[in-house]
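Please read the structure below before turning to the comments.
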């Protein structure tokens, strides 16, 4: 399989160097795969940090900047960063107001963040953690106990980051993050597998006329394999599972996200969004904002996920607050 | 209690012995992990403990508890995946119990803290087919031997190793409930858990090292018979 790389083992290192070259407002901590805002630690502000395996770009470092993340740790492709690097990130971003770690629910990520939080606490840093588990597709997966954390995580970054930028203390920032976790659901699907740099071939086999419903973001199995369907049918399947789980009432407001898995053109994502909005409309649910794009990818996988976040006045204000990052910009 | 320098030497020798043993057993651990995991346990453990053993010079001036702590942080950085936090994080955390030096009493506290942290972090209880199945019998036996039976540490450690060995055997016929093997469900039955196995290897090397420092040798055969209650 062709790839635009030099050598598999250098992918993360070279990607991070290139990213800093493109975004000089970011800084790489020496000897690590951690990027931070150039002005970190930001005086008087709670730090919001995240991290996880690489291969999900623009997640995680793409959300570094004003109004979102202060630090982002990159593991090897689809592999958790190590706890010592997470600890360095926590130390480097803490301005004395404490640090909130946004963690996706994978065993490796959770254990490494737990260990890092303990190491940081030994150094006197106040650390809180929220675990995102928005994927309605599976209860236990190859990498998880409980539900997986997927694209809904971006809403957590946005809201917690905005709360911290507005001067919220660690308790308030954590509470906002938990509120988003409680109110966001996601389900994804794949048209093709993805190819990791190390393996160089598809991580699973999917026939020419098959799709995988309930796919995770590492190519791990979903809930069912089905024959190819139309965009409308696929959108209906994903959206109905998400809405059933979220138990929305008529008249409630939501923010939606159609997220590309990395190999799907934007035109197709808009087609999915068209159907998503019509389903919501039929159910009397109001869309306050609709996001469409590649927010949390799975290398070169073709496919998408649909996320729905129930919003109230507080979350709307936080989602609408300014943010300036490589992956997401919101202006007033 | 031996002086701090002797304690440090003992810790460093134990580290060498463990690193050497895990390197020897790399293929075996990989084979066990291939059957029910992702086939990286052997390489991960060899790399992690190898890196720690390479730091012998760096550790040469440290207090014994500091050496233990740094072994933990080195494992965290180098073992990777979930094993880094489980083995390294737990050693790092438990090293606090050795601040006053290594005695029979603090070694029990260390063992208990290590076990608690592994259970807490990994969320596994006995019977889930994990390293906990080797650790629980080892730590409980060690504590009881020291605190209630007043046995010398060397004998207590020998009994703990036997207990761990039976714990490893116990992982074979049971179904995995935690970790990656749990997704195999019933297919995991009949396979020995790699984490419990590497835990046993580490304990065996601690015993080897203790025999050198605590002046004594335990007759393994007699010990084994005693352990399974066949001596009577």
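For the reader, a short list of remarks on this structure follows.
- Residues of the range B:112-131 classified as in a helix (DSSP H, G or I), surrounded by 16 or more Cβ atoms within 10 Å (Cβ to Cβ) and away from chain A (no Cβ under 11 Å), total: 5
- Looking only at residues of the range B:68-85 that are at the interface with chain A (Cβ under 7 Å from one of its Cβ atoms) and part of a helix (DSSP H, G or I), we find that the one that is surrounded by the fewest Cβ atoms within 10 Å (Cβ to Cβ) is B:77.
- None of A:172, A:160 is farther than 21 Å from residue A:56 by Cα, modelled with pLDDT of 90 or more and assigned to a helix (DSSP H, G or I) except A:172.
- When each of A:243, A:248 is tested for being crowded, with 19+ Cβ neighbours inside 10 Å, in contact (Cβ under 8 Å) with a residue 24 or more places away in the chain and assigned to a helix (DSSP H, G or I), the lone residue that passes is A:243.
- Meets criteria (touching a helix residue (DSSP H, G or I) at 6+ places or on another chain (Cβ under 8 Å), at pLDDT 95 or above and within 14 Å of chain A (Cβ to nearest Cβ)) for residue B:109: no
- Residue match in the range A:6-22 (condition: in a strand (DSSP E or B), modelled with pLDDT of 95 or more and assigned by TED's automatic domain parsing to the domain that holds residue A:119): no
- Residue match in the range A:294-306 (condition: assigned to a helix (DSSP H, G or I) and surrounded by fewer than 21 Cβ atoms within 10 Å (Cβ to Cβ)): no
- Matching residues in the range A:87-106 - criterion: being farther than 21 Å from residue B:69 by Cβ, surrounded by fewer than 23 Cβ atoms within 10 Å (Cβ to Cβ) and within 14 Å of chain B (Cβ to nearest Cβ): A:105
- Given (1) farther than 26 Å from residue B:85 by Cα; (2) part of a loop (DSSP other than H, G, I, E, B); (3) touching a residue at least 24 places away in the same chain (Cβ under 8 Å), number of the condition residue B:155 does not satisfy: (2)
- Residue check, residue A:171 within 10 Å of chain B (Cβ to nearest Cβ), out of contact with any strand residue (DSSP E or B) (no Cβ under 7 Å at 6 or more places or on another chain) and surrounded by fewer than 19 Cβ atoms within 10 Å (Cβ to Cβ): no
- Any hit, the range A:119-126, residues being within 11 Å of chain B (Cβ to nearest Cβ), in contact with a helix residue (DSSP H, G or I) (Cβ under 7 Å, 6 or more places away or on another chain) and free of Cβ contacts under 8 Å to residues at least 24 places away in the same chain: no
- Residue within the range A:162-169 that is outside the structural domain of residue A:77 (by TED's automatic domain parsing) and in contact with a helix residue (DSSP H, G or I) (Cβ under 6 Å, 6 or more places away or on another chain) present: no
- One residue alone among A:253, A:224 is outside the structural domain of residue A:66 (by TED's automatic domain parsing) and over 28 Å from residue A:201 (Cβ atoms), and that residue is A:253.
- From the list A:227, A:182, the one residue that fits, being under 30 Å from residue A:159 (Cα atoms) and surrounded by fewer than 21 Cβ atoms within 10 Å (Cβ to Cβ), is A:182.
- Residues of the range B:86-111 that turn out to be more than 19 Å from residue B:49 (Cβ to Cβ) and part of a helix (DSSP H, G or I), as a count: 8
- Of residues in the range A:44-86 being part of a helix (DSSP H, G or I) and within 13 Å of another protein chain (Cβ to nearest Cβ), the one farthest from residue A:121 (Cα to Cα): A:85
The values are calculated or read from the model by the stated rules, or taken from the named source; none is laboratory data. It should be emphasised that the depicted structure is a prediction, and the values quoted were computed from it without experimental measurement. A quick note on method: Cβ atoms are made from the backbone with ideal geometry, for glycine too, and the neighbour counts reach across all protein chains shown.
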